[in-house]
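Take a look at the structure below.
Only the coordinates and a few stated rules stand behind these numbers; no lab work does. Note that the coordinates shown come from a computational prediction; the quantities given were computed from them, not determined experimentally. Neighbour counts are summed over all protein chains in view; Cβ atoms, including those assigned to glycine, are modelled from backbone coordinates with ideal geometry.
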Amino acid sequence: MTNPEINPCGQAADPTVPAASLACCGQDALGQRVFGQLALRSGDIDIWVTVVGEAPDADLAAQFEQVLTGDERERHAKFVFEKDRRRYLVTRSLVRYVLSRYVPIRPTDWRFKVTAFGRPFIINPHPAVSGLTFNISHSDQVALLGVSREGRLGIDIEDLRRNVPLDIAGSFFSSGEVRQLRSLPIASQPPRFLDFWTLKESYIKAHGEGLSLPLDKFGFDLSGEGVLQAYFDASLNDLPVNWTFWQWRPTADSLAALCVENRPGVTRRVAVRRTIPFVHEEDMVFEVLRRSA
């Protein structure tokens, strides 16, 4: 995601993309801001991080008027609490902004459908959309968006300060995970619960069938330092070699997991960028807590 040239917004642009194909995010939409295209090569996984509270109110108002579709505005209005309306607006703006960084489609013109399991996918008939896949997750404070062109991916984020329902572990975790969790002192169990939960969520989102997958039929061994090992019940017809997992902290108070489908001959490279959609972006260091062997 590192590119040497700077576009008129003061943001990095991909020098391999002709200027004529650069996506303009709206001379009439968002204050004359222009955003160049970014390359997304085979094996690249780009993760975008947005802290909901950092988005300026004036920019959010412009995004509501110029970026959200009518359906999205209707859904936005249904949220009772302002914090939920704000998070929804930031999340939808993030998706539209980021996708337009890779494909010359105006943010407001992106169109989506959802699978039978609720996973959104792009339906725009642009040739550059072919193979483009994304997944989004949010906590109360942070939104994450993962983008790739090679294979399925899933991402999940949780707030480390949240109340953790330890009592449900026996219903949703594998027996091995339950043993690992209960072997820890009680004060260490909530963060370990979230370790397991984010990894499991990332897998079911990447797999694409959501909670139709039995959560107790797969799990993770976190006994190693900096490494993790996935395992699957034979009934799932899946193998650890099919996936790569990472876990890291996008912010000091959050924990995230990424699951990506492996493809023969494809080397994975993860890059992370922090952004306020349509306002600012900067590269981040991907400080991995643990990853699969």
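Observations, loosely collected:
- Ratio Rg/Rh, restricted to segment 47-111 and using Cα atoms, in which Rh is the Kirkwood radius: 0.95
- Segment ASP221-ALA116, extension gain: residue separation times 0.36 nm, minus the distance between their alpha carbons: 34.7 nm
- Amide hydrogen neighbours beyond the local backbone of VAL142, cut-off 5 Å, H modeled: VAL52
- For the chain: relative contact order, % (alpha-carbon pairs under 8 angstrom, 6 or more apart): 20
- Segment 58-94: chymotrypsin sites (Phe, Trp or Tyr not before Pro) falling in loop per DSSP and having at most 16 other Cβ within 10 Å: PHE79, PHE81
- Karplus-derived 3J(HN,Hα) values for segment 213-221, using 6.51 cos²θ - 1.76 cosθ + 1.60 with θ = phi - 60°, are 7, x, 5, 8, 9, 8, x, 9, 9 Hz; glycine and proline are entered as x.
- Computed from backbone phi with θ = phi - 60° and the Karplus coefficients 6.51, -1.76 and 1.60, the 3J(HN,Hα) list for segment 248-255 is 7, 10, x, 9, 4, 10, 9, 10 Hz; x is used for glycine and proline.
- 16 Å cut-off, amide nitrogen to a point 7 angstrom out along ASP233 Cα→Cβ, residues in segment 178-200: 178-179, 200
- Residues in segment 51-80 that a label on ASP159 would reach, taking backbone N under 13 Å of a point 7 Å out along Cα→Cβ: 52-53
- Backbone HN-Hα couplings from phi across segment 37-53 [Karplus 6.51/-1.76/1.60, Hz, Gly and Pro as x]: 7, 10, 7, 10, 8, 4, x, 6, 10, 9, 10, 10, 10, 10, 8, 4, x
- Fraction in percent of alpha-carbon pairs per bin - 5 Å, the chain: 1, 5, 11, 16, 18, 17, 13, 9, 6, 3, 1, 0
- Net charge of neighbours whose Cβ lies under 14 Å from the Cβ of GLU158, counting Lys and Arg as +1 and Asp and Glu as -1: 0
- Amide H contacts of ASP238 (H built 1.01 Å from N, under 5 Å, at least 5 apart or other chain): none
- Across the options PHE173, GLN66, PHE278, the greatest Cα extent toward the positive end of the charge dipole of the chain (unit charges at beta carbon of Lys, Arg, Asp, Glu) belongs to PHE173.
- Nonlocal amide H pairs with ARG290, under 5 Å, H built at 1.01 Å: GLN247
- Straight-line cross-link partners of LYS205 among the lysines, defined as a Cα under 17 Å from its Cα and at least 8 positions apart when in the same chain: LYS113, LYS217.
- Charge dipole magnitude, Cβ of K and R +1, D and E -1 - the chain, Cα centre, debye nearest 20: 340
- DSSP beta bridge pairing in the chain, given as percent antiparallel to the nearest 5: 85
- Overall, the anisotropy analysis places segment 144-264 in the oblate class: the square-rooted eigenvalues a ≥ b ≥ c of its C-alpha gyration tensor yield a/c not less than 1.5, with a/b not exceeding b/c.
- Potential lengthening of the chain between HIS76 and ASP253 amounts to 61.1 nm, from the contour at 0.36 nm per residue minus the alpha-carbon distance.
- Structure-based [θ]222 nm, the chain - -39500 (n - 2.57) summed over DSSP H runs of at least 4, per residue, nearest 500: -7500 deg cm²/dmol
- Taking 7 Å steps out from each Cα toward its Cβ at ASN262 and VAL51 produces label points 3.6 nm apart.
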